[in-house]
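S.K.: Structure incoming, see below.
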Amino acid sequence: MGTRIIGTGSCLPGTVVTNDDLAKIMDTSDEWISTRTGIRERHLAKEETTAGMSAEAAGRAMENAGVTAQDIDLIIVGTVTADNVTPACACEVQALIGADHAVAFDINAACSGFMFALHIAHAWLQTGVYRTALIIGAETLSKIMDWSDRSTCVLFGDGAGAAVVRADERGGLLAFDQGTDGVRGRVLSCPNRSNNNPLVRTSKELQYVHMDGQEVYKFAVTQVPASLQKTVEAAGLNVGDIDYFALHQANIRILQAVAKRLKVSEEKFPVSLDHCGNISAASVPILLDEMNRQGLLKPGMKVALAGFGGGLTWASAVLEW
Ligand code: ACO
């Protein structure tokens, strides 16, 4: 039994913030941001919430798949910016869409969150316990940015992407790889809750994302091509057989470096970071939805996906569309 993506959906907040808009509130420029990252604008949440955007994206994915909320057995949301510690974002999505009998929970694998959710859903669908799953990557990263740190806040955006996946005898997900390197985890971190009890004095200071950009870059350009190569081979294919590489959208230079290492044309690497920025777990499903709605994905095509980021974590998959 295989697992197939049968529908996609996405949701971006209504407010677009360009690089020039940021240059009005901090010492930066469109030239610096766009040449180093490829990012030109991002959407930032005002009234929107992680759960609300997730539910919108889920509704579009279900419509695209031709299923209803009653068909959904399992909801997994990959996020580091759920609206609450509890209830989980996935539980709120279950309520918002009315997927009454679905089991729902969140996972935190940062920018690999959607990919890890896909692999978990795949494993559970294989058992036959569940038939149809909704997997979502969703973030409101703007709430964990230090808006006085121009080296990180310009990179990120808010949004959600979703996919409906279903057990399918004809396959779909051909192979996958995933991994974690906790030893290097601190190169991209967002410390949050400290001990807080009668024995410990706790700082009430808000904590934001800290990143060693050059270390993250080195990690991405070595680990991602290695993982993709491994997964393509496990699928019984060559890198040249892959029609598209839909990768986490962190930085155009990372996409270019991965293409170069794999000796694949950059044209096979679709881009959404120019208008979305980096939306962590939401990047891959939003990109996939854009590709799907633009008609780029035809039945039988081979598509490689990869997520990588905080943890450090990485994951790749090869799908037959
Ligand atoms: N605008 C203008 N100048 C800036 C900005 C900004 N927004 N941010 C930093 N600078 C300045 C710095 O102060 C520094 O100035 P100095 O030389 O006078 O000290 C100069 O630009 C260079 O700063 P670096 O941090 O060395 O910039 P670098 O060339 O490394 O580029 C970047 C930073 C784009 C983040 C790069 O390290 C990178 O691509 N890293 C990959 C990591 C990544 O993409 N992370 C995204 C999140 S992680 C993930 O999703 C996997």
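The values are calculated or read from the model by the stated rules, or taken from the named source; none is laboratory data. Keep in mind the model is a prediction, meaning the values are calculated, not measured. Neighbour counts are summed over all protein chains in view; Cβ atoms, including those assigned to glycine, are modelled from backbone coordinates with ideal geometry.
S.K.: From the list LEU173, LEU237, LEU199, LEU228, pick out the single residue that is away from the ligand (no atom under 11 Å from the Cβ), without any contact (Cβ under 8 Å) to a residue 24 or more places away in the chain and of a type in the set (A, V, I, L, M, F, W, C).
M.R.: Result: LEU199 is the single residue among LEU173, LEU237, LEU199, LEU228 that is away from the ligand (no atom under 11 Å from the Cβ), without any contact (Cβ under 8 Å) to a residue 24 or more places away in the chain and of a type in the set (A, V, I, L, M, F, W, C).
S.K.: What is the one condition in (1) touching a strand residue (DSSP E or B) at 6+ places or on another chain (Cβ under 6 Å); (2) surrounded by fewer than 24 Cβ atoms within 10 Å (Cβ to Cβ) that THR8 does not satisfy?
M.R.: THR8 satisfies all of (1) touching a strand residue (DSSP E or B) at 6+ places or on another chain (Cβ under 6 Å); (2) surrounded by fewer than 24 Cβ atoms within 10 Å (Cβ to Cβ) except (2).
S.K.: Output the residues belonging to the range 20-53 that are of a type outside the set (D, E, K, R), part of a helix (DSSP H, G or I), more than 9 Å from the ligand (Cβ to nearest atom) and surrounded by fewer than 20 Cβ atoms within 10 Å (Cβ to Cβ).
M.R.: Once the filter is applied, which keeps residues that are of a type outside the set (D, E, K, R), part of a helix (DSSP H, G or I), more than 9 Å from the ligand (Cβ to nearest atom) and surrounded by fewer than 20 Cβ atoms within 10 Å (Cβ to Cβ), the range 20-53 yields SER34, THR35.
S.K.: Ok, one more. In the range 68-126, which residue that is charged (D, E, K, R) and within 30 Å of VAL187 (Cα to Cα) is surrounded by the most Cβ atoms within 10 Å (Cβ to Cβ)?
M.R.: ASP106
S.K.: Let me ask something additional. Give the residue that is nearest to the ligand (Cβ to nearest atom), with candidates limited to residues of the range 202-225 that are crowded, with 17+ Cβ neighbours inside 10 Å and in a loop (DSSP other than H, G, I, E, B).
M.R.: Looking at the filtered set, the residue picked out is VAL209.
S.K.: Grab the helices (runs of 4 or more DSSP H) fully contained in the range 241-321, keeping just those with 3 or more residues being in contact (Cβ under 8 Å) with a residue 24 or more places away in the chain, within 17 Å of LEU173 (Cβ to Cβ) and touching a strand residue (DSSP E or B) at 6+ places or on another chain (Cβ under 7 Å).
M.R.: Ranges flagged: 283-293.
S.K.: I'm trying to understand the selection: among the residues of the range 184-221, which are over 22 Å from the mean Cα position of the chain (by Cα) and either under 13 Å from GLY311 (Cα atoms) or at pLDDT 85 or above (or both)?
M.R.: Hit for the range 184-221 is LEU199, nothing else.
S.K.: Would you call GLY236 more than 20 Å from the chain's Cα centre (by Cα) and part of a helix (DSSP H, G or I)? Reasoning before the result, please.
M.R.: Working: more than 20 Å from the chain's Cα centre (by Cα): yes; part of a helix (DSSP H, G or I): no.
No; evaluated as a whole, the condition is false for this residue.
S.K.: Still on this model: Of everything in the range 176-196 that's free of Cβ contacts under 8 Å to residues at least 60 places away in the same chain and assigned to a helix (DSSP H, G or I), which residue is surrounded by the most Cβ atoms within 10 Å (Cβ to Cβ)? Reasoning before the result, please.
M.R.: First, pick out the residues of the range 176-196 that are free of Cβ contacts under 8 Å to residues at least 60 places away in the same chain: 183, 186, 191-196.
Still in the running and assigned to a helix (DSSP H, G or I): 183, 186.
Working: VAL183: 7, ARG186: 12.
Going through the qualifying residues, I end up with ARG186.
S.K.: How many residues does the range 150-170 hold that are within 12 Å of the ligand (Cβ to nearest atom) and either part of a strand (DSSP E or B) or of a type in the set (Val, Ile, Thr) (or both)?
M.R.: 3
S.K.: Condition first: of a type in the set (Lys, Arg) and more than 20 Å from the chain's Cα centre (by Cα). Now tell me which residues in the range 239-274 satisfy that.
M.R.: Within the range 239-274, LYS260, ARG261, LYS263 qualify.
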